[in-house]
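Q: Right, I'll just put the structure down here and ask away after.
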């Protein structure tokens, strides 16, 4: 664990310090009533963090598709083998950049809950630092701490400034997530304890008992142990992602939280679950992932159709978006379950693009809800004439959500379909049905909001069309979605080698010797050899 | 980027730039929108012409716009590929497209959103060109969904009317269902053959990797994609509703270009389609059914645009008949000639509607020959062309299709070939009848509408005139040269030889002439027989009227159940199981808590007894331990 | 177990049953006094002469007198008519017999292992005298001895505070420990 | 030495009798007396073991038990009297306010 330049931990500390700064006396209510100074300060710091992340990514990735890996290690509780290990590799870089971008967008978005003073900015910065930490940590205990820390700012914001039924929603959100993560904590402790034992037997001088890379090298777990521990980890990540049966908390949270926070949660919290599966579960529990792949893919595909169908009949904008998130993430789960290098790379790419798109959708719909003063579709309609800029951006992001080619979500979805078809043709086909339903509910939502006879908007506080900083925010997000859609090669080149490293354990036990000699040189002049195990013979549909 | 690549990428990039420019410029000077947009399409047309001259010598061009999804194991760049097949399609799209752009400059002049209109129209042409020039299936898919998007935007152009917006949504969703087929085909082909390159998929050794089951799946999936886009049964009900859009849109998208994308796709990957003989058989029967249904429905339509819409669906059925018979070049020729006369029909219908102050119902028209001579002549020429009367364009391609059906070599279809060709001829007669009926109701007799119709301005009549000429000349000038020109990418056409000379020409155009005569007789000469025929055919008429109740059937089979099931799933699964589950856990813990409280009775004796019991238990445990 | 020991044990047990069984608290008080005296006898049999005398003085003399005094003060007659119900006594008796049944055998077989001390039996025969107890108390247990005086002090102060008649209004409700009646 | 066991047996029975008494009787004072009896049973066991072990620790323990018993009876009876003064009954079943 070579400790490179210190900035890696700055990515976590900078927003943290800024958040504490925001609470300082100099930003007190009377000195800075609208919080303009505090907003500038938090924007400044968040901008620097984004720049820093880009710099580190660029520095680490000197030549193309070499495995980028910048890491930093400090002793935290050495006696127990717990270390402050942060690693930025091809897998976590896109997610870290997504976190910085979305936090910057949410901070820059001007309409925050009226009664939220500087606390609003500090909460978002806290959440950003926790999520960044979660994406960087490779020490299981450290990851667990960030995984829990992520929850608190969102919870606080929701409970303080949420909608009418915010307390029940906050409580349900807390209980769902904590029960899941407590199971994971037990599994982590068991792993660490066993790891400590094994390492001491081998007389390792520095016992990284909780570090995922060290743990994955010493395969100490029998297949039943892997099953139990795998299920514990899966419980935590399934609640977070969310995978269908455990999504109870999502509609309430997305309905009650204030716009900025729900954009942040929808864009990032779900991704940590997915990232966790790839980062921790593949290397640590290869047997479990191989056996559970079928069930996971099934849940993913069912999630796509289930989410789409329910989004179809929702009258409340926010719950429609919530169920559409479940549907989109179901697709990523299918990709992750297929565990081929292409499907997982596609899933990571789709997760990042979904983050950008959902954040934008929630912000735009947030502005429309404020403008209309109501949440349900029946009171919307005919807004295209009165807010043309809003209509344009909503159209761009709705089409991106429907995975139109040349948008980033098509690239992700296409890779998942190609990668997962080899493994689970039936589940991929089911997921495709969900995609059609996706087109139906997204366009219905757009039609009921924007088209129809022109109306000025019934909201008492008509917030006017999208202008000023919002146009910059939405423009940046739209530019990111389109450019990732047309030129995704660079990002895919960073993700793919890192994903291959994560899947090494799994491919080893599956392919055995045959896998080793199959060199990845391209037999086909134009397209690569399909990575899935499926040769032509076991393809039966 | 040597000259070939530059011109090729210019073909596609010109409309894209044109779209943005016409929107920005058009907002300030509405007049300029039409000019910029038409100029952009003209540039593409000229570049296509230059490339076409190169392609005639068998040369192919390719240009890579972006290394799209190429990393580690896979490389799928956005690459354009110009060979003879895409040359023909390019010329049709840009040529007819340019004429329609000029026409719509006049048609949409007074509309408020003219800048937005031309932006979408240019974007559509760009998407269609990407579709036609794509080297790999994903690039074709980009164009495929791009045209779907533009047709959604253009159909719902006047979005203040919810009905029009719903029609746009219907079109997009039905296209989307077809696109799922496209995605499935791509997934199967990639996983099995390892490549998605169009040229690769033509090679026998690559196709050999497909197991028979997969070949069937891939072939049918491709056909599902084609039905979604080219409006075959069951995914055709969106086309008549798409008439909600402005008429130039119908002309460009729903007559000349987008709807023919399905046939182009079949031609492009004909290797996969022909692998399993069952696929062409399915195509044949579906195409025949579609042609029959559409032709009969068109008989009783009174809205001029609806008649043309159903006739398009019917003609597309004809093209797919040629595809099923394995004669892709013949289908392509019919695409070309159909583009000419159908675009001319739609544009002249547009002029009529423009003239009669947006009146679309033919019963309120009539006798427009006097008021709109040029439009009437062009409409008449195209009617004769579509009916397949000898010198006109329709004859050559439609006759080739009929003979292709007769000479089909597919084992599954050889038996039924004679019956299919009889049906096709009957449908050809039916086409002639409804087209002549529409001509008679609109242009002959006395004017039944209010106000007084006026001839369309020059900017509209000139393109209609050019298309009229093309639909007359296009037949004998272009059909045979095209068939020989596209031999490379498409298999050579082998039609059964029939005797040359004037006799075969007359015999060939008999169905057309007979149809026109029948319509003339019923329409003008004998109103009483027409009335009797209508009463006798009344029940059948209502069936045709309601499009064989396809709309209601689709609604009943798919849309309503999905909505009902979704509501049930939402209430049953989501509310009761998922939410209920969480709630249940809460109430169970509360109940257990209450039970535990019962023990504190307040009586000292109870507590002492419990202590005593505990002591006894502990005592007996420890006494065993030692 | 000498004859005298046997006799005294029997008396003690009989008195014990008497305490538990008798209806009138006065009778159970007298039975308890008999029990205490027979215990004193047993102590002397086991050569704990000082304790026998202390038992008589402290227990029989002081504590029982106090109990009788309280009984008179509250002039309690026989228990009120309500029958005690069947479940609780049965349960208590069952548990008691269960304890005796399990504890006694284990005590017996342990005793067999611990019999090596007989030898010193005659060595300290007179050990139970006041001198020996005194040396012990003021020798090894001096600290505990002083602390016990503290316990007694607390006992006295407690008793005085609790039985004061007119409580100043320090309690939450007027009139001291309010109750249902 | 087997005779010593008998005394332990007696103390055990006495202790159990006391415990049963505490459980059964409703009158607070009788309960109090049963507790005294249990204490005495324990004292008996102490003395028996003291004789058996041959040292005086047992007897000193009994001495301290007596001290505690004295203090306890003082306070106990005071409590019983003040309870009686507030609810005019010494039945344990009547003093049942501390209930869920």
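The values are calculated or read from the model by the stated rules, or taken from the named source; none is laboratory data. Everything numeric here is computed off the predicted structure, so don't read it as measured data. Glycine gets a Cβ as well: all are built from the backbone with ideal geometry, and neighbour counts include every protein chain shown.
Q: Would you check if there is a residue in segment A:108-125 being within 14 Å of chain B (Cβ to nearest Cβ), surrounded by 22 or more Cβ atoms within 10 Å (Cβ to Cβ) and either within 26 Å of residue A:349 (Cβ to Cβ) or touching a residue at least 12 places away in the same chain (Cβ under 8 Å) (or both)?
A: Scanning segment A:108-125, I find no residue that is within 14 Å of chain B (Cβ to nearest Cβ), surrounded by 22 or more Cβ atoms within 10 Å (Cβ to Cβ) and either within 26 Å of residue A:349 (Cβ to Cβ) or touching a residue at least 12 places away in the same chain (Cβ under 8 Å) (or both), so the answer is no.
Q: Give me a count of the residues in segment B:8-60 that are in contact with a strand residue (DSSP E or B) (Cβ under 7 Å, 6 or more places away or on another chain) and modelled with pLDDT of 85 or more.
A: 4
Q: I've got another one for you. State the number of residues belonging to segment B:358-374 that are more than 11 Å from residue B:442 (Cα to Cα) and either assigned by TED's automatic domain parsing to the domain that holds residue B:254 or under 29 Å from the mean Cα position of the chain (by Cα) (or both).
A: 2
Q: So if I check each of C:34, C:20, which one is buried (at least 17 other Cβ atoms within 10 Å of the Cβ), assigned to a helix (DSSP H, G or I) and without any contact (Cβ under 8 Å) to a residue 12 or more places away in the chain?
A: Only one candidate passes the filter, namely C:20.
For (1) in contact with a strand residue (DSSP E or B) (Cβ under 9 Å, 6 or more places away or on another chain); (2) part of a helix (DSSP H, G or I); (3) surrounded by fewer than 24 Cβ atoms within 10 Å (Cβ to Cβ), each residue gets a yes or a no:
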site: B:207; (1), (2), (3): no, yes, yes
site: B:210; (1), (2), (3): no, no, no
site: B:220; (1), (2), (3): no, yes, yes
site: B:226; (1), (2), (3): no, yes, no
site: B:242; (1), (2), (3): no, yes, no
site: B:250; (1), (2), (3): no, yes, no
site: B:255; (1), (2), (3): no, yes, no
site: B:259; (1), (2), (3): no, yes, no
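Q: Take the conditions more than 14 Å from chain D (Cβ to nearest Cβ) and either surrounded by 14 or more Cβ atoms within 10 Å (Cβ to Cβ) or modelled with pLDDT of 85 or more (or both) and apply them to residue B:579. Does it pass?
A: Taking the combined requirement at face value, the residue satisfies it.
Q: Going by what's in this entry, would residue A:198 be described as free of Cβ contacts under 8 Å to residues at least 40 places away in the same chain and part of a loop (DSSP other than H, G, I, E, B)?
A: Judged against the criteria, residue A:198 is not a match.
Q: So, one more: Quick one: would you say residue B:422 is over 26 Å from the mean Cα position of the chain (by Cα) and assigned to a helix (DSSP H, G or I)?
A: yes
Q: Looking only at segment D:1-11, which residues are assigned to a helix (DSSP H, G or I) and over 13 Å from the mean Cα position of the chain (by Cα)?
A: D:2, D:3, D:4, D:5, D:6, D:7, D:8, D:9, D:10
Q: Among all residue pairs at least 6 apart or on different chains, which show Cβ distances below 7 Å where the first residue, located in segment B:456-482, is outside the structural domain of residue B:370 (by TED's automatic domain parsing) and buried (at least 21 other Cβ atoms within 10 Å of the Cβ) and the second is in a helix (DSSP H, G or I) and at pLDDT below 85?
A: That search, which allows pairs on different chains as well, returns nothing.
Q: Just one of the numbered conditions (1) surrounded by fewer than 23 Cβ atoms within 10 Å (Cβ to Cβ); (2) part of a helix (DSSP H, G or I) is not true of residue B:397; which one?
A: The failed condition is (1).
Q: Something else now. Among the numbered criteria (1) facing chain B (nearest Cβ under 9 Å); (2) surrounded by 20 or more Cβ atoms within 10 Å (Cβ to Cβ); (3) touching a helix residue (DSSP H, G or I) at 6+ places or on another chain (Cβ under 7 Å), which one does residue A:481 miss?
A: The one condition residue A:481 does not meet is (1).
Q: For the structure I just gave you, tell me whether residue B:259 is at pLDDT 90 or above, outside the structural domain of residue B:342 (by TED's automatic domain parsing) and closer than 30 Å to residue B:559 by Cα.
A: Answer is no for this residue.
Q: Here's another thing I want to ask about it. For segment B:149-170: of the residues being part of a loop (DSSP other than H, G, I, E, B) and within 26 Å of residue B:130 (Cα to Cα), which is nearest to the other protein chains (Cβ to nearest Cβ)?
A: B:156
Q: Looking at segment B:582-609 only, could you name the residues that are under 30 Å from residue A:251 (Cα atoms) and facing another protein chain (nearest Cβ under 7 Å)?
A: Hit for segment B:582-609 is B:582, nothing else.
Q: Residues that are out of contact with any strand residue (DSSP E or B) (no Cβ under 8 Å at 6 or more places or on another chain) and closer than 21 Å to residue B:581 by Cα, at least 1 per element: which helices (runs of 4 or more DSSP H) completely within segment A:244-319 meet that?
A: The helices (runs of 4 or more DSSP H) meeting that bar are A:249-256, A:286-312.
Q: Within segment B:118-125, is even one residue on the phi < 0 side of the Ramachandran plot and within 10 Å of another protein chain (Cβ to nearest Cβ)?
A: no
Q: Does any residue of segment D:14-32 turn out to be under 19 Å from residue C:108 (Cα atoms), assigned to a helix (DSSP H, G or I), in contact with a helix residue (DSSP H, G or I) (Cβ under 6 Å, 6 or more places away or on another chain) and facing chain C (nearest Cβ under 7 Å)?
A: There is at least one residue in segment D:14-32 that is under 19 Å from residue C:108 (Cα atoms), assigned to a helix (DSSP H, G or I), in contact with a helix residue (DSSP H, G or I) (Cβ under 6 Å, 6 or more places away or on another chain) and facing chain C (nearest Cβ under 7 Å).
Okay, residues lined up against (1) within 30 Å of residue A:279 (Cβ to Cβ); (2) without any contact (Cβ under 8 Å) to a residue 24 or more places away in the chain; (3) surrounded by 24 or more Cβ atoms within 10 Å (Cβ to Cβ):
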| position | (1), (2), (3) |
| --- | --- |
| A:337 | yes, no, yes |
| A:345 | yes, no, yes |
| A:354 | yes, no, yes |
| A:362 | yes, no, yes |
| A:369 | no, no, no |
| A:373 | no, no, no |
| A:390 | no, no, yes |
| A:394 | no, no, yes |
| A:404 | no, yes, no |
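Q: In addition: Please go through segment D:34-88 and give me each residue that is within 7 Å of chain C (Cβ to nearest Cβ) and not in a helix (DSSP H, G or I), ordered by number.
A: D:54, D:56, D:88
Conditions (1) away from every other protein chain (no Cβ under 13 Å); (2) over 22 Å from residue B:150 (Cβ atoms), marked per residue:
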position: B:201; (1), (2): no, yes
position: B:215; (1), (2): no, yes
position: B:241; (1), (2): yes, no
position: B:247; (1), (2): yes, no
position: B:265; (1), (2): yes, no
position: B:275; (1), (2): yes, yes
position: B:281; (1), (2): yes, yes
position: B:285; (1), (2): yes, yes
